[in-house]
Amino acid sequence: MSKPPVIEVEVVSEDAGPRETRARPAGAVPPVHPLAALLLLAVDNLWSLTEWAVVSWAVTIPAAFVSVFVPTYFLHRRGLGQSRARALGWAALLGVIAAVPFSVGGTAIGAGLLAWLGITRLAGRAEHRPRAE
């Protein structure tokens, strides 16, 4: 059995080689943070648990709203760098969807948002991937 060939490795600095200088496309930053969509999906699925629904709706509906609203606001404000009004709008929208007392709406919307964000991210990676010829 023969030994595998030795490959010499050269360390190159990060600024060597060509760089893309084109601007980001308008849709490069997602309007909804992926963790906010995942949180909506998780909180909305709590409505399928019988123990969650048995507690008074006067407690569970505001709790579902707040548990999605607060993290979504901070994710959008700090994570995506959105303005207060835009972050507040997205947080309120996702909070209201999570507070609807059945799990169908938020699950479909949360899963749809996650799929859309994933497809957008994969499309962005495909642009930068070298093509095999």
Going residue by residue through region 75-81, the Karplus relation 6.51 cos²θ - 1.76 cosθ + 1.60 with θ = phi - 60° gives ³J(HN,Hα) values, rounded to whole Hz and with x marking Gly or Pro, of 4, 6, 6, 9, x, 9, x
So Ser2 and Trp116, fully extended at 0.36 nm per residue minus their Cα-Cα distance, gain in nm 36.0 nm
Summing +1 for each Lys or Arg and -1 for each Asp or Glu, what net charge is found among the other residues whose Cβ lies under 14 Å from the Cβ of Arg78? +3
Which net charge results when you count Lys and Arg as +1 and Asp and Glu as -1 among the other residues whose beta-carbon is under 15 Å from that of Ala87? +4
Treating only the Cα positions of region 31-109 as identical point scatterers, give the base-10 log of I(q)/I(0) from the Debye formula at each q in 0.10, 0.14 Å⁻¹. -0.21, -0.40
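Bear in mind that the values in this text are calculations on the coordinates, not laboratory data. As the structure is a prediction and not an experimental result, all values here were calculated from the model. Note that each Cβ is placed from the backbone with ideal geometry, even for glycine, and that neighbours are counted across all protein chains shown.
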